[in-house]
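Okay, structure first, notes after.
The values are calculated or read from the model by the stated rules, or taken from the named source; none is laboratory data. Since we're looking at a predicted model, the values are computed, not measured. Every residue, glycine among them, receives a Cβ derived from its backbone with ideal geometry; neighbour counts consider all protein chains shown.
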Amino acid sequence: MAAGPFIPFCFPIEVDKPPEGAQWTHEIKYDGYRTQLHLGATPRAFSRNGHDWSAKYRPVLAAADSLAGGRDAVIDGEIVVLDTDGRPDFHAVAGAIRWKGTDLVFFAFDLLRLDGVDLRKVPCQERRERLFDIVGSSHHEVRFSDSFEGSGADLFAKVAEMEIEGIVSKRRASTYRAGDSTDWQKTKVYHFGEYLVVGYERSRGQAPTLLLAGADLQYVGRAVPAVGAKQREQLWEALEFLQAPKFAASIGKANKVAVAVQPILRVTAKHLPRRGKEMLRHASVTEVLTPQ
């Protein structure tokens, strides 16, 4: 029996600190590609936006379908690649999809349908118990996303030490509904650093971004200004004054509207944990510093 069409995802809202209390359970937030597996007569895999990515995820899809034993099931989870320390490596996922699908791992964290029955109105804890019965404890390609039953703050502290993206907290009794849900809450681990502004992109209808580099003028990526209105106005005035004929850093492929500036203005940016020479991710400028 076919599992049916793609089901719009439930997304956690972002919070500054994990919720506490016995009504909450907590999981590691795996840094990868959100994926929905449809198992049964015609196994399929769907991306975050509902695109059919079955061909890209063949090893994972085959392993999951084998675990399900031919049962009709729809499973929500995350496709990741793990580094040598067992941590999700977001930047390795795209390459693994293209060149080495056997490196892909699917962490299953919710069960939306089973044997033709829609489970979205069933409490989250019960859905996950049924999911564990299918997935089991540990496999190479498909793994159950374990719950942490203690304090969310304790788990968050541990993942921060490991430089993992963060955690997701879920209300045990919650149902599964499309869109942002206050019953699912994510707390991310952010790092802060000082960078030089080497350019900016600002065009109508799009959020403005700053192009940042380290003190050595090595380009590190883009960041969205997240400062107050007064400081934001002063920022744009300074950038217009500092416009330069060429970029001081090699920024690679930039938008045609990218404007170079003299690398004088320093800013503080927060971003997800960064390894080596990786580009900044989910970066935002939180403070504009006085030029030295």
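Within region 34-60, the set of residues being aromatic (Phe, Trp, Tyr) and farther than 25 Å from Lys121 by Cα comprises Trp53, Tyr57. Scanning region 1-60 for residues that are in contact with a Phe, Trp or Tyr (Cβ under 8 Å, 6 or more places away or on another chain), under 19 Å from Thr175 (Cα atoms) and in a loop (DSSP other than H, G, I, E, B) yields a count of 1. In region 79-96, of all residues being touching a residue at least 60 places away in the same chain (Cβ under 8 Å) and not in a loop (DSSP other than H, G, I, E, B), the one that is farthest from Tyr176 (Cα to Cα) corresponds to His91.
This table checks each residue for (1) in the same structural domain as Gly116 (by TED's automatic domain parsing); (2) touching a strand residue (DSSP E or B) at 6+ places or on another chain (Cβ under 8 Å); (3) modelled with pLDDT under 95.
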| site | (1), (2), (3) |
| --- | --- |
| Gly4 | no, yes, yes |
| Val15 | yes, yes, no |
| Pro19 | yes, yes, no |
| Trp24 | yes, yes, no |
| Glu27 | yes, yes, no |
| Gly40 | yes, yes, yes |
| Arg44 | yes, yes, no |
| Asp52 | yes, yes, no |
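When Arg71 is tested against (1) surrounded by 15 or more Cβ atoms within 10 Å (Cβ to Cβ); (2) basic (Lys, Arg); (3) under 21 Å from the mean Cα position of the chain (by Cα), just one condition goes unmet, and that condition is (3).
Which one is nearest to Ile264 (Cα to Cα) among residues in region 199-239 that are in contact with a strand residue (DSSP E or B) (Cβ under 9 Å, 6 or more places away or on another chain) and loosely packed, with under 12 Cβ neighbours inside 10 Å? Result: Ala215.
Yes/no per residue for (1) in the same structural domain as Ala41 (by TED's automatic domain parsing); (2) of a type in the set (Gly, Ala, Ser); (3) part of a helix (DSSP H, G or I); (4) at pLDDT below 95:
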| residue | (1), (2), (3), (4) |
| --- | --- |
| Asp110 | yes, no, no, no |
| Arg113 | yes, no, no, no |
| Lys121 | yes, no, no, no |
| Glu126 | yes, no, yes, no |
| Glu129 | yes, no, yes, no |
| Ile134 | yes, no, yes, yes |
| Ser137 | yes, yes, no, yes |
| His140 | yes, no, no, yes |
| Gly150 | yes, yes, no, yes |
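Taking first residues from region 39-67 that are aromatic (Phe, Trp, Tyr) and partners that are assigned to a loop (DSSP other than H, G, I, E, B), the Cβ contacts under 6 Å between residues at least 6 apart in sequence or on separate chains come to Phe46/Phe6; Trp53/Ser47.
Let's see how each residue does on (1) in contact (Cβ under 8 Å) with a residue 12 or more places away in the chain; (2) assigned to a strand (DSSP E or B):
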{"residue": "Arg204", "(1), (2)": "no, no"}
{"residue": "Ala223", "(1), (2)": "yes, yes"}
{"residue": "Glu233", "(1), (2)": "no, no"}
{"residue": "Pro245", "(1), (2)": "yes, no"}
{"residue": "Glu287", "(1), (2)": "yes, yes"}
